[in-house]
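Just so you know, all these numbers are worked out from the coordinates, no wet-lab data involved. Fair warning: this is a prediction, and the values are worked out from it, not measured in the lab. With ideal geometry, Cβ positions are generated from the backbone for all residues, glycine too; neighbour counts draw on all protein chains shown.
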Amino acid sequence: MILSDSRILEEISKGTIKIEPYDRSCLGSNSYDVHLGKWLATYTNHILDAKQHNQIEYFEIPDEGFVLYPHVFYLGVTQEYTETHAHVPFLEGKSSTGRLGIDIHATAGKGDVGFCGNWTLEISVKQPVKVYKGMPIGQLIYFPVEGPIEVAYNQKKNAKYSQQPDKPIESMMWKNQF
């Protein structure tokens, strides 16, 4: 079951969902539109190693936009900071974004109850496309949780992506034991 617009508004008023900045016109019938933040990043090494801390370099999207190219993996970030304390948030691309050939996440579209932060986007494109800071990039949908939560994400000692800032965050796979 997905929360409707009236249920999302209810949860915002209760404080179990937080979206900043919030704009009522971005609330759809069962989702909330999020926008591309001003920062993008790319990995500095051509070959990534899952056991190593792979470094990224940041760059700001200029006002005139920035062209993304195929075969380059970009990390982006949502303009919106969100908190979700009683629901499972899912980030999906908008159909308009998809029709431009932009994928906004490789695999990580699901958040956890207790996630607090800006969402890092895992961006790839099918052909060159110019993007702009502040453009609609995706939508959040919320699912209710069945049963009590023992430990919310923001309370886990090993939560690698808690309190994500308004800049993209690189993979923290290297922190896992394997």
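State, as an integer percentage, the relative contact order of the chain based on alpha-carbon contacts under 8 Å between residues 6 or more apart.
Numbers: 396 pairs, mean separation 53.5, N = 178.
Dividing the mean separation by the residue count of the chain yields 30 percent.
Percent relative contact order of the range 1-84, based on C-alpha pairs within less than 8 angstrom and at least six residues apart?
Working: 100 pairs, mean separation 32.8, N = 84.
Worked out over the range 1-84, it gives 39 percent.
Could you list the residues of the range 32-49 with an amide nitrogen less than 13 Å from a label point located 7 Å from the Cα of Ser96 in the Cα-to-C-beta direction?
33-36
Amide H neighbours of Gln79 under 5 Å, counting only residues 5+ apart in sequence or on other chains, H built in-plane at 1.01 Å?
His35, Leu36, Gly37
Can you compute 3J(HN,Hα) from phi for each residue in the range 105-113, using the Karplus curve 6.51 cos²θ - 1.76 cosθ + 1.60 with θ = phi - 60°, rounded to whole Hz and x for Gly and Pro?
Running phi through 6.51 cos²θ - 1.76 cosθ + 1.60 with θ = phi - 60° gives 8, 6, 8, 9, x, 9, x, 10, 4 Hz.
Using only helices, what value at 222 nm comes out for the chain when you add -39,500 (n - 2.57) per DSSP H run of length 4 or more and divide by the total residues, to the nearest 500 deg cm²/dmol?
-2000 deg cm²/dmol
Could you check the simple spin-label distance between Ala86 and Tyr132, using points 7 Å along Cα→Cβ, in nm with one decimal?
About 3.8 nm, to one decimal.
Compute the normalised compactness of the chain: alpha-carbon radius of gyration over 2.2 N^0.38 Å, N being the residue count.
1.04
Hey, what do the phi angles of the range 66-76 turn into as Karplus ³J(HN,Hα) couplings, whole Hz, using 6.51/-1.76/1.60 and θ = phi - 60°, x for Gly and Pro?
Here the 3J(HN,Hα) series is 9, 8, 8, 10, x, 6, 10, 9, 10, 9, x Hz.
How long is the gain from Lys156 to Ser6 if the chain were fully straight, where each residue apart is worth 0.36 nm and the alpha carbon distance is subtracted? Before the final figure, lay out each step's value.
Values: separation 150, 0.36 × 150 = 54.00 nm, distance 3.05 nm.
Residue separation times 0.36 nm, minus the Cα-Cα distance, leaves 50.9 nm.
Using θ = phi - 60° and the Karplus curve 6.51 cos²θ - 1.76 cosθ + 1.60, what whole-Hz ³J(HN,Hα) does each residue of the range 38-51 get, with Gly and Pro shown as x?
For the range 38-51, the Karplus-derived couplings read 7, 10, 10, 8, 9, 6, 7, 9, 6, 9, 9, 10, 4, 8 Hz, x marking Gly and Pro.
May I have the extent of the alpha carbons of the range 32-128 along their three principal axes, as whole Å values ordered from largest to smallest?
Cα extents, longest axis first: 39, 35, 23 Å.
Please list the non-local residues whose amide H lies under 5 Å from the amide H of Asn118, H modeled 1.01 Å from N, same-chain partners needing a gap of 5 or more.
The answer is Thr82, Gln164.
Check cross-link reach from Lys38 to the lysines: straight Cα distance under 17 Å, and skip same-chain residues fewer than eight apart.
The reachable lysines, counting only those whose Cα sits under 17 Å from Lys38, are Lys130, Lys133, Lys167.
Between His53 and Ser13, what is the label-to-label distance in nm when each label sits 7 Å out along the Cα-to-Cβ direction?
Distance between label points: 4.6 nm.
What's the exposure ranking of Arg7, Arg99, going from fewest to most Cβ atoms within 10 Å?
With the fewest neighbours first, Arg7, Arg99 line up as Arg99, Arg7.
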